[in-house]
Amino acid sequence: MPLIPRAERRSAAARLSYLVIYIILLAGSVTMIYPMLIMLSSSVSSDVDYEQYNVVPKYVWNQDDLWRKYLGLKYGDDFSGFKFRHQVAESGSDFRYYRGVLDNTPITEGMTQRVADWNAFRKQLPLDKVGVYFTDKYRMGPAQVAFQQWLDSKHDSVQAYNQRFTPPLSYKTFSEIDIFQEGLSGHNWVTVAARSKATWLEFKATLNPHQLKALSITEIYQKFLDDELGTIERYNREAGTAYSAFRDIEFSPEPPDNARERALWMTFTHKVYPMRHATVRGDHLEDFKASILAEDEIARAPATFNRVIAQSHGRSTEPRDYFGELAWSSTMPADDMLARYWTHFVDSLPVEQVEYYHMYGAFRQFLIGEYGPGIDAVNAAYGTAFSSFADIRPPFKQADLLEFRSKQSHYRRYFLTSNYARVLGYIFSNGYALRNTLVLVFFWVLASLTVQPMAAYALSRFKLSYANQILLFLVAVMSFPQAVTMIPNFLLIKKLGLLNTYAALVLPNLVQGMGIFLLKGYFDSLPKELYEAGMIDGASEFQMFRTITLPMAKPILAVIALGSFTAAYASFMWAFLICQDESMWTLMVFLYQFKQIAPPHMHMAALSLAGLPTLIVFIFAQRVIMRGIAVPVMK
């Protein structure tokens, strides 16, 4: 019977009642839909805009926001490197607080040619002189993903990759492998480990120029000056210069004439300059050996050097005269310990005997080789007015602008899909998670449609004297939190020897008291005449259960099956407790592990994907559920 009779529906009071009801329903829907939209928006965000909480991500329609996200993607945690390359003065520490806007000045032929020359220069640089853009601290940057996919394409399996090394590595998936830390900066850092160097350099050779970050000693030098002096005013006062900011100061491969600038330059080259990029003129083997023997520890026991080098090679027990075999190298040795001795020795040499690599100078020499020694040819090609090659600096910002403006739609699509791609890649790389979850859900739903209806039918049809006690027991069990029963269940499963098995996942939850309680109440409401007619026709109890009870109970069965599916699919704590073997983990356990290594915006993508199966199942089940909202009554 309707709440408002048909004759009264046109009255003012009825219409007001309808209006109030619709307002309440609309407000309720907003409280559900708005958080969902925020979650979906956050799932396609990044570190740059995750905290904006917009219903529709701004970068979808705003170029400036897309530009900032592109910069955040390219430079990652290197915000100071971005400030250096774009010559901006920002007080913030990362891209979340950067509010720069896209430069929409027209792209000229000169700008395009200048960037093309810069890309050609980067491509021909030695691979130990370039780093890689598009990385992040979560091993999920585009460069890291490309590296993992490249390794996958080169090897039959991750186990085959592991076996290439001695001792073998222990990676379980390629997604666990990060790019190698090269030590482009750092005074005595060597290149990547010898066992991984060849692999890493082979991958870097496949990258496009815009993915390569040319080493800039000037950037390191400016950071050093900022740390040493704090303000450009102090530098100008002590050095007698007139720079407007540290970013105007360029590193010189030769010591400056100014006494104060020379002192700072000497400190930088002897303590900060990455010596793996320096070259020593001449042969200094005997002096190098003498400096090694002068070390306190080695001076007391010369054999110490052989032992130290052997240990650094991973051959601590191999007797060998490394000191006697020592040869002079004009560049930093690849061995970590030997590189420290070499750096200490080179720092003691006169600076005239050391050639310090400077990328700006190398770029200018590249342009001279392309256009000749006259600056006019460069100005004609670029549409610039440089007075000499010394005025030319690498076009960092122009390269970023050209790359972004030519691929805006690509990067917009990337930001809309990349988080989901990472989550799906993580899930499918742990394929047994899907298998385990499917097994768990199948048996829970099967039990909710077979075991529980049969138990409820027996309690409803057969007038058992202890039926009320059974129902009381079921209700009593329902009153206890799951955490209370978890420990006894765990001890029982352990005693039965079922840990890390499907039986451990499935058995403790095959029977749910709530489902039996609800079904028993529903079966009690069914007309007795149907069963009497069935008995007259000679139907057995099982036939009446199958042909009369179950078809009429489809709505309540759909609700119970949906609840079982949701409970099984979302089960985390029990699966995590009972199956400590990763091969038996369910999807939710793996997503929990993913949360430990992934940023918040990828958590949201994982949650969005995790909620999709439940939504799909509900859509398929809603027709049956809605049909049972108003249960027809026999007259």
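Listing for the model above:
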item: Cα-projected label distance for residue 29 with residue 303, points at 7 Å along beta-carbon direction, nm; result: 8.6 nm
item: Lysines whose Cα lies under 23 Å from that of residue 172, excluding same-chain neighbours fewer than 8 positions away; result: 137, 154, 197, 595
item: The chain: angle of helix 587-597 to the longest principal axis, Cα-based, in degrees nearest 10; result: 30 degrees
item: Estimated inter-spin distance, residue 465 and residue 14, nm [label 7 Å along Cα→Cβ]; result: 5.7 nm
item: Solution diffusion estimate, µm²/s, Stokes-Einstein, segment 430-627, Kirkwood Rh from C-alpha pairs, 20 °C, viscosity 1.002 mPa s; result: 114 µm²/s
item: With Cα atoms, 0 to 90° folded angle of helix 408-429 axis to the chain main axis; result: 60 degrees
item: Net charge of Cβ neighbours under 13 Å - reference residue 89; Lys, Arg +1; Asp, Glu -1; result: 0
item: Calculated Rg/Rh (Cα atoms, Kirkwood Rh) (choose from [x] 1.13; [y] 1.18; [z] 1.02), label; result: [x]
item: Residue 294/residue 491 FRET efficiency (R0 51 Å; Cβ-Cβ; nearest 0.05); result: 0.15
item: Theoretical gain in end-to-end length, residue 387 to residue 155 [0.36 nm per residue, Cα-Cα removed]; result: 78.2 nm
item: Sum of -39500 (n - 2.57) over DSSP H runs of 4+, divided by residues of the chain (222 nm, nearest 500); result: -18000 deg cm²/dmol
item: Inter-label distance, nm, simple model (7 Å from Cα along the C-beta direction), residue 335/residue 532; result: 10.1 nm
item: R0 of 60 Å, Cβ-Cβ distance residue 223-residue 420: FRET efficiency to nearest 0.05; result: 0.95
item: Qualifying trypsin sites (Lys or Arg not before Pro) in segment 110-204, DSSP loop, other Cβ atoms within 10 Å at most 14; result: 137, 164, 172
item: Separation of alpha-carbon centers, segment 402-470 and segment 17-45, rounded to whole Å; result: 24 Å
item: Theoretical FRET efficiency, 1/(1+(r/R0)^6), r = Cβ-Cβ of residue 281 and residue 93, R0 56 Å, to 0.05; result: 0.85
item: Length-normalised contact order of the chain in % [C-alpha pairs under 8 Å, at least 6 apart]; result: 16 percent
item: Mean separation of Cα contacts under 8 Å, 6 or more apart, over the residue count of segment 469-622: relative contact order %; result: 28 percent
item: Eligible lysines near residue 528 by straight Cα distance, threshold 22 Å, same-chain separation 8 or greater; result: 463, 520, 554, 635
item: Computed lengthening from residue 101 to residue 348, 0.36 nm per intervening residue step minus Cα-Cα distance; result: 84.1 nm
item: Sequence-separation-based contact order of segment 347-437, relative, with Cα cut under 8 Å and 6+ spacing, percent; result: 15 percent
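No value in this document is a laboratory result; all are computed from the given coordinates. Only a predicted model underlies this, so the values are computations on that prediction, with no experimental measurement involved. Virtual Cβ from ideal backbone geometry, glycine too; neighbours counted across all protein chains shown.
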